[in-house]
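Visitor: Right, I'll just put the structure down here and ask away after.
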Amino acid sequence: MLYTNIKLAVPEGARYERNPDCKVGPYLRYRVESYRDAKGRKKHKRLTIGKIMVDETVGQEYFCPNDTYYTEILKQPVPENATGKKRGRARKAVPEPEPVPYSEKNSPLAFGYMMACLSIVRELGLDKMLEDSFGSLAMPIITAASFFAAGAPGGLTNIDHFTEKNMCFTSKVMTSSDLSELYSNLNAPLRNDFFRKWIEKCRENDFICYDVTSISCCSERIPLISYGYNRDKEQLPQFNFGMFCTIKTGMPLYFCPYNGSINDFTNLPYVIDNARNAGIKDTDHLTLVMDGGFSTIETIEKARDHGFDLIVGAPCDFGVKIRERLLAWDHGSHREDKLILLSEETIRCHEESFSVGRVKTRLLLFRSPQSTLREETSLTTLVNRLHAELNDRTKISDKAARDYEPFFRIAINREDGSFTYERDDDMFKTALSLCGSFALFCTRQELDCEEVLDLYRRKDCVEKAFGALKNDILNERLRTHSVETLNGKLFLAFIGLIIRKTFEAKLKQYLKKNRMGLDSALDRLGDILCQKRNGTWHLIKAMTKQQRELSEILNLPIDRLAQ
């Protein structure tokens, strides 16, 4: 049986083959094995596992599986909700009834969550920006982004249930086809027009941070998708996702996807060009805060050429000079050191002049007592473990020997694979001396050491934004088959991220006090139900204490409902 109500991404791989001989749509077959018959001719054993269909609205292919796909390929039972058709003459299609507008619905609707999202959108001015940039698509964007911000409950194909049960103020219930069409309509000129408005509003904060994450994707047809360094340790093709955030508010500012096989610092100059075109102007004198992965001469020079000031990590392997200066400072005089008094520790800081290519910067050297103790303990534990492993081995290969560098020198007997080893005490002492020490580059002369360190530590706001985007919003691998739909989906997720981060900021103290998670609070808002009777909206059940407290914090217009 072919299950026509299940729509999956078309499986890809060498074993999946399309049958071009069918009259209506290609069937998909799976090559189980290949062999040669008695005459030496190559033969294949294949199973028909389903059919490839095309969504007429957006022209996108999808896959409808059959029984064989589940029993033979996935080795799992058919989903309980699977429905389909058996072989035979197809019945005449019955047109679906027109959706009932929200204004005419008499069934209960969830009021609290969507009203909270609309309140946030209006407070941030997003509704006006989206309307100016996208016109009539503004409300569908807000609705879909609110669905994303809630974690897309039930999966993206469940948006029809979400828009049917929530007061979304759209002209009709949105379906997964409507969502796919919306992806395609959010083209680059319209997105950049919105980003210019959004950046104009947020740029009053002159410190922004930038970082990159990788997002796995199941399709390799998109040019952006390729294998590379995957931060989630998944053996899947991916694309890289760079994002700017403001530091004081932690608000997402701009994003830029790029090829999954390109490393971060190589692509940064192009990301800066794209960000500049989208509204991050060199006249704003913004300060870019980044980790040491972006410390290359080319990227630092490029950022300064575009007018950015910089606070960026200076790793020890950024030439030998950083390591040498940290070691010289650790063993030298400390009379000129500055002390940064924090609540939990006192950090020493030393400042020197430094040039990175054409760029003159301040090199700030820091030493943290707490980090020193933690890193020395970790390093000693590592070296002792490696020593115990070597002591238990009788033979070792060249490849395995590299796992014990640089703390052990190993001499291998090529005849029988036996070896001798000794610890490199000089390397071990050097590593111990560097424990707890780190360095930063800073081009802002007026900032003191404490301000620079505070800004650098707060750059983790973009990492937290990545966590919310990947785990709470997308919560699945992307299944798109074109650059346009990929960018459209990411844009909706980006707007959803803004909404979700604002929820977190508004409810932070309340959630901490009540030991409640954000998703739990959003579920409680979604359980505020209302119904239209005689032209007036009424609450259909009493609100709990927590619902009233959440409504008060978020300024929901509960008083407009008849109770």
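Visitor: If I filter region 403-430 down to residues being of a type in the set (F, W, Y) and in a strand (DSSP E or B), which single residue comes out as nearest to the chain's Cα centre (by Cα)?
Guide: The initial filter retains those residues of region 403-430 that are of a type in the set (F, W, Y), namely 404, 407-408, 419, 421, 428.
Now drop any that are not in a strand (DSSP E or B), which leaves 408, 419, 421.
On the way: F408: 39, F419: 46, Y421: 44 Å.
By that ranking, first place goes to F408.
Visitor: Starting from residues that are assigned to a loop (DSSP other than H, G, I, E, B) and farther than 14 Å from A431 by Cα, keep the ones in region 313-334 and report whichever is modelled with the highest pLDDT. Let's see the steps before the verdict.
Guide: Quick first cut of region 313-334, residues assigned to a loop (DSSP other than H, G, I, E, B) only: 314-318, 332-334.
Remaining after also requiring farther than 14 Å from A431 by Cα: 314, 318, 332-334.
On the way: A314: 91, F318: 76, G332: 54, S333: 54, H334: 60.
This residue is A314.
Visitor: Continuing with this model, one more query. Look at region 368-385 and say how many of its residues are surrounded by fewer than 12 Cβ atoms within 10 Å (Cβ to Cβ) and not polar (S, T, N, Q).
Guide: The qualifying residues number 1.
Visitor: Hey, among K513, K545, K489, which residue is of a type in the set (K, R) and under 30 Å from Q60 (Cβ atoms)? Before the answer, list the steps.
Guide: Working: K513 fails: under 30 Å from Q60 (Cβ atoms); K545 fails: under 30 Å from Q60 (Cβ atoms).
From the options K513, K545, K489, the qualifying one is K489.
Visitor: State the number of residues belonging to region 329-348 that are exposed (fewer than 11 other Cβ atoms within 10 Å of the Cβ) and of a type in the set (V, I, T).
Guide: Qualifying residue count for the region: 0.
One line per residue, one yes/no per condition, for (1) part of a loop (DSSP other than H, G, I, E, B); (2) touching a Cys at 6+ places or on another chain (Cβ under 7 Å); (3) at pLDDT 80 or above:
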residue	(1), (2), (3)
R18	no, no, yes
C22	yes, no, no
Y30	no, no, yes
Y35	no, no, no
K51	no, yes, yes
V54	no, no, no
V58	yes, no, no
P65	no, no, yes
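Visitor: Got at least one residue in region 501-516 being open to solvent by 60 Å² or more (accessible area, probe 1.4 Å) and not in a helix (DSSP H, G or I)?
Guide: There is at least one residue in region 501-516 that is open to solvent by 60 Å² or more (accessible area, probe 1.4 Å) and not in a helix (DSSP H, G or I).
Visitor: A follow-up question, please. Please work out if R548 is in a helix (DSSP H, G or I), more than 23 Å from the chain's Cα centre (by Cα) and basic (K, R). First the steps, then the outcome.
Guide: Details: in a helix (DSSP H, G or I): yes; more than 23 Å from the chain's Cα centre (by Cα): yes; basic (K, R): yes.
Yes: the conditions hold for R548.
Visitor: Return a yes/no flag: does region 462-479 have any residue that is part of a loop (DSSP other than H, G, I, E, B), within 12 Å of A150 (Cα to Cα) and out of contact with any strand residue (DSSP E or B) (no Cβ under 9 Å at 6 or more places or on another chain). Lay out the reasoning, then the answer.
Guide: The initial filter retains those residues of region 462-479 that are part of a loop (DSSP other than H, G, I, E, B), namely 475-477, 479.
Within this subset, residues satisfying the condition of being within 12 Å of A150 (Cα to Cα) are 475.
After this cut, where a residue has to be out of contact with any strand residue (DSSP E or B) (no Cβ under 9 Å at 6 or more places or on another chain) as well, the list is 475.
Within region 462-479, one or more residues are part of a loop (DSSP other than H, G, I, E, B), within 12 Å of A150 (Cα to Cα) and out of contact with any strand residue (DSSP E or B) (no Cβ under 9 Å at 6 or more places or on another chain).
Visitor: Can you pull out the residues in region 302-312 that are part of a strand (DSSP E or B) and farther than 30 Å from T430 by Cα? Outline the logic, then answer.
Guide: Keep residues of region 302-312 that are part of a strand (DSSP E or B), which gives 309-312.
Residue satisfying the conditions is D309 alone.
Visitor: Still on this model: Could you please let me know if S343 is closer than 30 Å to G313 by Cα and in a loop (DSSP other than H, G, I, E, B)? I'd like the intermediate steps shown before the answer.
Guide: On the way: closer than 30 Å to G313 by Cα: yes; in a loop (DSSP other than H, G, I, E, B): yes.
Yes.
Visitor: List the number of the failed condition for N158; all other conditions in (1) out of contact with any Cys (no Cβ under 9 Å at 6 or more places or on another chain); (2) in contact (Cβ under 8 Å) with a residue 12 or more places away in the chain hold.
Guide: If we test N158 against (1) out of contact with any Cys (no Cβ under 9 Å at 6 or more places or on another chain); (2) in contact (Cβ under 8 Å) with a residue 12 or more places away in the chain, just (2) comes out false.
Visitor: Can I ask one more? Looking at (1) over 30 Å from A505 (Cβ atoms); (2) open to solvent by less than 70 Å² (accessible area, probe 1.4 Å); (3) modelled with pLDDT of 65 or more, can you tell me which one Y113 breaks?
Guide: Unmet for Y113, out of (1) over 30 Å from A505 (Cβ atoms); (2) open to solvent by less than 70 Å² (accessible area, probe 1.4 Å); (3) modelled with pLDDT of 65 or more: (1).
Visitor: Taking the condition in contact with a helix residue (DSSP H, G or I) (Cβ under 8 Å, 6 or more places away or on another chain) and modelled with pLDDT of 80 or more, does Y69 pass? If you could, list the steps in order and put the result at the bottom.
Guide: Details: in contact with a helix residue (DSSP H, G or I) (Cβ under 8 Å, 6 or more places away or on another chain): no; modelled with pLDDT of 80 or more: yes.
Answer is no for this residue.
Visitor: Take the residues in region 146-166 that are at pLDDT 85 or above and in contact with a Phe, Trp or Tyr (Cβ under 8 Å, 6 or more places away or on another chain); name whichever of them is farthest from E61 (Cα to Cα).
Guide: Residue satisfying both the conditions and the ranking: N166.
Visitor: Please work out which residue is nearest to Y270 (Cα to Cα), limiting yourself to region 302-313 and to residues that are open to solvent by 10 Å² or more (accessible area, probe 1.4 Å) and touching a residue at least 24 places away in the same chain (Cβ under 8 Å). Step through it out loud before you land on a result.
Guide: Going residue by residue through region 302-313, those that are open to solvent by 10 Å² or more (accessible area, probe 1.4 Å) are 302, 304-307, 309.
Those left that are additionally touching a residue at least 24 places away in the same chain (Cβ under 8 Å): 302, 304, 306-307, 309.
Numbers: K302: 9, R304: 14, H306: 11, G307: 15, D309: 17 Å.
The qualifying residue nearest to Y270 (Cα to Cα) is K302.
Here is a yes/no grid of residues against (1) open to solvent by 80 Å² or more (accessible area, probe 1.4 Å); (2) more than 23 Å from V312 (Cβ to Cβ); (3) within 35 Å of the chain's Cα centre (by Cα); (4) modelled with pLDDT of 90 or more:
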position: H350; (1), (2), (3), (4): no, no, no, yes
position: T361; (1), (2), (3), (4): no, no, yes, yes
position: F366; (1), (2), (3), (4): no, no, yes, yes
position: H387; (1), (2), (3), (4): yes, yes, no, yes
position: L390; (1), (2), (3), (4): no, yes, no, yes
position: A401; (1), (2), (3), (4): no, yes, no, yes
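Visitor: Give the residue, chosen from Y183, Y210, that is within 20 Å of the chain's Cα centre (by Cα), open to solvent by 10 Å² or more (accessible area, probe 1.4 Å) and either modelled with pLDDT under 85 or not aliphatic (A, V, I, L, M) (or both). It would help to see each step written out before you state the result.
Guide: Details: Y210 fails: open to solvent by 10 Å² or more (accessible area, probe 1.4 Å).
Within the list Y183, Y210, the selection yields Y183.
Visitor: Any idea which of L455, L486 is part of a helix (DSSP H, G or I) and modelled with pLDDT of 90 or more?
Guide: Answer to the selection: L455.
Visitor: Go through region 412-444 and report how many residues are modelled with pLDDT of 90 or more, open to solvent by 80 Å² or more (accessible area, probe 1.4 Å) and not basic (K, R).
Guide: So the count comes out to 3.
Visitor: Just for region 273-289: of the residues that are surrounded by fewer than 22 Cβ atoms within 10 Å (Cβ to Cβ) and under 30 Å from H481 (Cβ atoms), which one is nearest to the chain's Cα centre (by Cα)?
Guide: So the residue we want is N274.
Visitor: Which one of these does A521 not meet: (1) closer than 22 Å to P140 by Cα; (2) open to solvent by less than 10 Å² (accessible area, probe 1.4 Å)?
Guide: Answer for A521: the failing condition is (1).
Visitor: Could you say whether any residue in region 143-151 is open to solvent by 10 Å² or more (accessible area, probe 1.4 Å), under 20 Å from the mean Cα position of the chain (by Cα) and touching a residue at least 12 places away in the same chain (Cβ under 8 Å)?
Guide: The first filter runs over region 143-151 and keeps only residues open to solvent by 10 Å² or more (accessible area, probe 1.4 Å), leaving 150-151.
Imposing the further condition that a residue be under 20 Å from the mean Cα position of the chain (by Cα) reduces the set to 150-151.
Remaining after also requiring touching a residue at least 12 places away in the same chain (Cβ under 8 Å): 150-151.
Yes, the conditions are met somewhere in region 143-151.
Visitor: I'd like the residue in region 217-271 that is in contact with a Pro (Cβ under 7 Å, 6 or more places away or on another chain), open to solvent by 30 Å² or more (accessible area, probe 1.4 Å) and in contact (Cβ under 8 Å) with a residue 60 or more places away in the chain and, out of all such residues, is farthest from M129 (Cα to Cα).
Guide: E220
Visitor: Residues in region 122-131: is at least one more than 24 Å from L507 (Cα to Cα), surrounded by 18 or more Cβ atoms within 10 Å (Cβ to Cβ) and of a type outside the set (G, A, S)? Break it down stepwise before answering.
Guide: So in region 122-131, the residues more than 24 Å from L507 (Cα to Cα) come out as 128-131.
If we keep only those that are surrounded by 18 or more Cβ atoms within 10 Å (Cβ to Cβ) as well, we get 129-130.
Next, only the ones that are of a type outside the set (G, A, S) stay: 129-130.
Yes, there is a match, as at least one residue in region 122-131 is more than 24 Å from L507 (Cα to Cα), surrounded by 18 or more Cβ atoms within 10 Å (Cβ to Cβ) and of a type outside the set (G, A, S).
Visitor: May I pose another question? Pairs under 8 Å by beta carbon, first residue more than 13 Å from G135 (Cα to Cα) in region 187-198, partner aliphatic (A, V, I, L, M) and assigned to a helix (DSSP H, G or I), six or more apart or different chains?
Guide: Matching pairs, first to second residue: K197/M129; W198/L126; W198/M129.
The values are calculated or read from the model by the stated rules, or taken from the named source; none is laboratory data. The structure displayed is predicted, hence computed values, not measured ones. Positions of Cβ are generated from backbone atoms using ideal geometry, with glycine treated the same way; all protein chains shown enter the neighbour counts. With ligands, DNA and RNA removed, areas are computed over all heavy atoms of the protein, side chains included. Shrake-Rupley method; radii C 1.70, N 1.55, O 1.52, S 1.80 Å.
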